[in-house]
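Visitor: Got a structure here, written out as structure tokens. Questions coming.
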Amino acid sequence: MAGGAASGGSVAADTYAKARHWLLAPSWLVLGFFVFAPVCVMLIYSFLTKEFRGGVIWEFSLAAYDQFFFDRGLFGDAEPTLQWTYISVFWRSIWQAGLATILSLLIGFPTAYYIATRPEGSRAFWVFLVTIPYWVNLLIRTVSMKFLLRDEGPLNELLINIGLIGDPLHIINTNLAVQLGLFYSYLPFMVLPIYASIERYNFTMSEAAADLYATKWTTLRRIILPAVKPGVIAGCILVFVPSLGAFLAPDLLGGAKNFMIGSLIEEQFKGNAGNWPFGAAASMVLLTMVMIILLIFARQQRRAEAQS
Amino acid sequence: MSANTDVKTYTGFRFMTILCLVILYAPLAVVTVYSFNASSSITVWEGMSLRWYIDVFVGPESAKFKQAAFNSFSIAIIAASLATAIATAAATAIVRGGRYKLRAPSLGLITLPIMVPEIVLAVSTLIFFNSIGFTRGYLTILVAHTAFCIPFAYLPIQARMQGIEDTYEHAAMDLYATKAKAFRRILLPLMMPGIISGFLLAFIVSLDDFIITNFVKGAGIETLPTAIFGSVKQGLKPNIMAISTMLLGLSVVMVTISHFVSKWDNTK
């Protein structure tokens with residue numbers, strides 16, 4: 001998502017240089033006003049005082065962050081200790097997103113490799129097959145997953161009919177269901193960047209390794225993987241980052257016990273029970289985490305580019 | 001040849017690829033099949049029928065779905081058109097505007113909506129509209145959709161424009177066409193595949209959006225995804241599967257068109 005766009009191409013054509021500020025003005029206005037400014041206002045809100053019926057009172061307060069990280073007892077006067085409730089929600093999200101990423105990598109890497117070694121003419125078709133499901137409504141895909149996985153669903157029916165299990169597996173409303181849902185949501189994101197790297201990989205290196213009596217798996221581990229590492233990292237980030245803040249998969253597949261960051265945030269803005277500054281603070285924590293990951297990634301990509 | 005393919009081939013990778021495709025398509029296929037189920041239970045199969053498709057259009061909930069569909073489609077068309085126009089102008093400035101200081105920050109701003117997690121975008125947009133005293137409703141959804149659709153329209157347009165050499169418009173200007181005319185008569189037609197593909201992607205992204213819409217829609221207005229979500233929360237029902245299948249089919253058709261249009265080479 002960031003890679004190709006970041007450079008904007010190396011073409012320095014300047015036919016419309018004179019009009020460039022006018023041409024950019026609409027995007028600056030719309031995105032500045034409705035994306036950039038809102039994120040800034042959200043930052044301000046996270047430092048305001050909570051209004052009891054939703055919304056805020058314009059008074060500076062660190063209460064939201066304090067509530068996030070510290071526990072001051074029932075009456076708020078005890079010695080502050082670390083508050084694990086919300087940190088553990090974040091921790092669970094990282095864990096769930098991480099497992100979904102590993103699962104995507106295990107399936108996505110062989111797929112990307114297989115596609116990249118097809119005859120040149122048919123590769124575009126394979127890539128297209130992998131991308132189509134991504135463009136289908138995420139809500140519909142998650143609902144389909146729920147339909148497939150439920151106790152009386154087609155998956156259990158199939159497994160019982162072929163005699164693999166006697167009683168239906170309870171997958172829905174477990175951590176596993178959430179991981180499967182996240183994996184399913186973002187799997188195409190894993191395949192595409194890895195495919196792009198493998199397509200550029202020079203297969204004569206594999207031949208050279210084979211000539212030197214390396215086994216295939218050694219070649220994969222020692223030659224191919226290091227060469228396509230940037231693509232693998234890009235794929236992992238493209239799966240991990242959206243999984244981290246996902247709302248639909250944990251909400252529809254996980255049930256109440258498998259709360260993730262997305263649900264925690266959403267709850268703060270629902271009805272009158274919410275706490276807007278706290279929701280804003282939790283969003284800021286999530287945004288900061290994602291931005292740090294993306295910055296480290298961008299730096300690594302630049303270093304890898306400089307090396308090659 | 002055989003030695004070459006042997007070195008490349010890994011046992012099991014083909015199986016994993018098939019597994020990957022099965023995983024990607026199985027849930028969609030299953031929902032599609034069950035949407036044609038005659039039974040009112042989602043578990044028991046009672047033969048093929050269009051019963052639930054008819055139910056979507058004339059059943060007890062049809063008025064709700066029609067209103068939601070109208071909102072979804074009108075917002076998607078307007079938001080995608082605005083986003084495409086804005087993105088085309090921006091791409092011209094980025095790809096044909098020479099080198100300048102604002103170039104990198106502009107590109108950063110344009111891609112910002114796909115960097116920021118969707119839930120964060122949703123929260124910040126809600127807070128923003130609330131703080132400037134905007135009443136939530138149709139207009140807030142439209143504005144939010146226009147903003148976050150811009151990068152999706154932008155990326156295919158930029159990619160296309162980079163593939164067009166500037167010799168074409170220079171040739172036109174050598175023949176005394178003005179810059180505006182060279183843009184309208186030469187560059188714009190050449191960019192058309194990118195623009196169509198960008199529009200279609202923006203349209204799908206807007207049509208599909210649930211999280212941001214759910215935050216900024218306010219009470220009393222629904223789009224298809226929020227109506228589906230509300231319904232699914234009460235339990236899976238066969239009419240929802242019929243709607244889902246129709247939306248799914250639409251997405252597949254539009255992505256396929258976008259795919260072929262973007263490959264269409266009209267520079268020759």
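Derivation of every value follows stated rules applied to the coordinates shown; laboratory data play no part. All values derive from a computational prediction rather than experimental measurement. Quick reminder, even Gly has a Cβ in these numbers, built from the backbone with ideal geometry, and neighbours come from all protein chains shown.
Visitor: Would you mind checking which residues have amide H under 5 Å from A:Val56's amide H? H placed 1.01 Å from N; only 5 or more apart, or other chain.
Guide: For A:Val56, the qualifying residues are A:Glu51.
Visitor: 5 Å is the cut-off here: which amide hydrogens, built 1.01 Å from N in the peptide plane, fall below it relative to A:Leu48, excluding neighbours closer than 5 in sequence?
Guide: Excluding prolines and chain starts, which carry no amide H, the hits are A:Ser61.
Visitor: Additional query: By a straight-distance test (C-alpha under 13 Å), which aspartates and glutamates pair with B:Lys179 as possible cross-link partners, with residues fewer than eight away in the same chain excluded?
Guide: Filter leaves A:Asp14, B:Asp166, B:Glu169.
Visitor: For the range A:15-69, state what percent of all Cα-Cα pairs lands in each successive 10 Å bin, counting from 0 Å until the bin that includes the largest distance.
Guide: In order of increasing distance, the bins hold 21, 31, 21, 14, 11, 2 percent.
Visitor: Pairs A:Lys270/B:Lys237; A:Lys146/B:Lys237; A:Lys50/B:Lys233; B:Lys8/B:Lys263: which are spaced more than 23 Å apart, C-alpha to C-alpha?
Guide: Values: A:Lys270/B:Lys237 25 Å; A:Lys146/B:Lys237 12 Å; A:Lys50/B:Lys233 29 Å; B:Lys8/B:Lys263 29 Å.
Checking Cα-Cα distances, A:Lys270/B:Lys237; A:Lys50/B:Lys233; B:Lys8/B:Lys263 exceed 23 Å.
Visitor: From Cα pairs below 8 angstrom and at least 6 apart in sequence, can you work out the relative contact order of chain B, rounded to a whole percent?
Guide: Relative contact order, chain B: 28 percent.
Visitor: While we're looking at this one, here's another question. Would you kindly calculate the translational diffusion coefficient of chain A, applying Stokes-Einstein with the Kirkwood radius from alpha carbon pairs, for 4 °C and a viscosity of 1.567 mPa s, and quote it in µm² s⁻¹ without decimals?
Guide: D = 57 µm²/s.
Visitor: Quick check on the protein assembly as shown: helices-only [θ] at 222 nm, where DSSP H runs of length 4 and up contribute -39,500 (n - 2.57) each and the sum goes over total residues. Nearest 500, please. Intermediate results must be reported in sequence, preceding the final value.
Guide: Numbers: 27 runs with 399 residues, N = 576.
Taking each H run of at least 4 residues, the total per residue is -22500 deg cm²/dmol.
Visitor: Calculate the dipole size of the range A:42-142 relative to its Cα centre from +1 charges on Lys and Arg beta carbons and -1 charges on Asp and Glu beta carbons; express the result in debye to the nearest 20.
Guide: The calculation lands at about 620 debye.
Visitor: Let me ask something else about it. Taking the Cα atoms only, what angle lies between the long axis of helix B:13-35 and the longest principal axis of chain B, rounded to 10 degrees?
Guide: Its long axis makes an angle of about 60 degrees.
Visitor: Another one. Using all C-alpha to C-alpha distances in the range A:137-254, build P(r) with 10 Å bins and read off the rounded percent in each one.
Guide: Distribution as computed: 13, 29, 22, 22, 13, 1 percent.
Visitor: Could you tally the net charge around B:Ile211, taking each other residue with its Cβ under 12 Å from the Cβ of B:Ile211, Lys/Arg +1 and Asp/Glu -1?
Guide: Once all neighbours under 12 Å are counted, the net charge is -4.
Visitor: Under a straight-distance cross-link criterion of Cα-Cα below 13 Å, which aspartates and glutamates are reachable from B:Lys66, leaving out those fewer than 8 residues away in the same chain?
Guide: By straight Cα distance, B:Lys66 reaches B:Asp55, B:Glu222.
Visitor: Let me ask something additional. Could you work out the mean count of beta carbons from other protein chains within 10 Å of each residue's beta carbon in A:281-294?
Guide: 3
Visitor: Follow-up question, since we're still on this one. Which whole-number percent gives the relative contact order of the range A:180-278, counting Cα pairs below 8 Å spaced six or more residues apart?
Guide: 31
Visitor: With a sphere of radius 14 Å drawn around the Cβ of B:Leu187, what net charge do the other residues whose Cβ falls strictly inside it have (Lys, Arg +1; Asp, Glu -1)?
Guide: Numbers: positive: B:Arg96, B:Arg160, B:Lys179, B:Lys181, B:Arg184, B:Arg185; negative: A:Asp14, B:Glu165, B:Asp166, B:Glu169.
Once all neighbours under 14 Å are counted, the net charge is +2.
Visitor: Would you tell me the mean number of C-beta atoms belonging to other protein chains that fall within 10 Å of each C-beta in B:127-139, as a whole number? Provide the component values of the computation, followed by the final result.
Guide: Details: counts 16, 10, 3, 7, 9, 4, 0, 0, 0, 0, 0, 0, 0.
The shielding value for this peptide is 4.
Visitor: Testing the spin-label approximation: label points 7 Å from Cα along Cα→Cβ at B:Gln67 and B:Met246. State their distance in nm.
Guide: Going from the B:Gln67 label point to the B:Met246 one covers 1.7 nm.
Visitor: Just round it to a whole percent: the fraction of Cα-Cα distances in chain B exceeding 30 Å.
Guide: Numbers: 16671 of 35778 pairs.
Of the Cα pairs, 47 percent sit more than 30 Å apart.
Visitor: Still on this structure, please answer the following. When each pair of different Cα atoms in the range A:185-308 is counted once in the 1/r mean, what is the Kirkwood radius in angstroms, to one decimal?
Guide: 17.4
Visitor: Follow-up. What number in nm² do you get for the range B:85-199 if you take the convex hull of its Cα atoms and divide its surface by four?
Guide: 8.7
Visitor: For chain A, with only Lys/Arg (+1) and Asp/Glu (-1) charged at the beta-carbon, what is the dipole magnitude about the Cα centre, in debye rounded to 20?
Guide: 800
Visitor: For chain A, find the longest principal axis of its Cα atoms and tell me its angle to the long axis of helix A:20-31, 0 to 90°, nearest 10.
Guide: The answer is roughly 50 degrees.
Visitor: For the range A:55-206, take N as its residue count and report Rg(C-alpha) divided by 2.2 N^0.38 Å.
Guide: 1.53
Visitor: Starting at the first residue of the range B:227-239, write each ³J(HN,Hα) from the Karplus equation 6.51 cos²θ - 1.76 cosθ + 1.60 with θ = phi - 60°, in whole Hz, x for Gly and Pro.
Guide: Using θ = phi - 60°, the values come out as 5, 5, 4, x, 5, 5, 4, 7, x, 6, 10, x, 5 Hz.
Visitor: More than 37 Å apart: what percent of Cα pairs in the protein assembly as shown qualify?
Guide: 37
Visitor: Calculate the mean, over all residues of peptide B:82-90, of how many other protein chain Cβ atoms lie within 10 angstrom of the residue's Cβ.
Guide: Mean inter-chain Cβ contacts per residue within 10 Å come to 4.
Visitor: Shape of the range B:1-151 from its Cα gyration tensor (a ≥ b ≥ c, root eigenvalues): rounded if a/c is under 1.5, otherwise prolate when a/b > b/c, or oblate?
Guide: Oblate shape, in that a/c is at least 1.5 and b/c is the bigger or equal ratio.
Visitor: What does the C-alpha gyration tensor say about the overall shape of the range A:244-301? Classify as rounded when a/c is under 1.5, otherwise prolate if a/b is larger than b/c, or oblate.
Guide: The shape class here is oblate.
Visitor: Oh, and also: Determine the distance separating the Cα centre of the range A:137-153 from the Cα centre of the range A:239-308; give it in Å without decimals.
Guide: Taking the Cα centre of the range A:239-308 as reference, the centre of the range A:137-153 is 23 Å away.
Visitor: Something else: For the modelled label position 7 Å from the Cα of B:Leu188 along Cα-to-Cβ, which residues of the range A:16-34 have backbone nitrogen atoms closer than 19 Å?
Guide: A:16-27
Visitor: Suppose we keep just the alpha-carbon trace of the range B:129-170; what are its Rg and Dmax in angstrom?
Guide: That works out to 17.3, 50 Å for Rg and Dmax.
Visitor: Output the relative contact order of the range B:148-207, whole-number percent, from Cα pairs under 8 angstrom with separation of 6+ residues.
Guide: Relative contact order here is 60 percent.
Visitor: Hey, another quick one. Taking loop as defined by DSSP and a crowding limit of 16 other beta carbons within 10 Å, which GluC sites (Glu not before Pro) in the range A:50-125 fit?
Guide: A:Glu51
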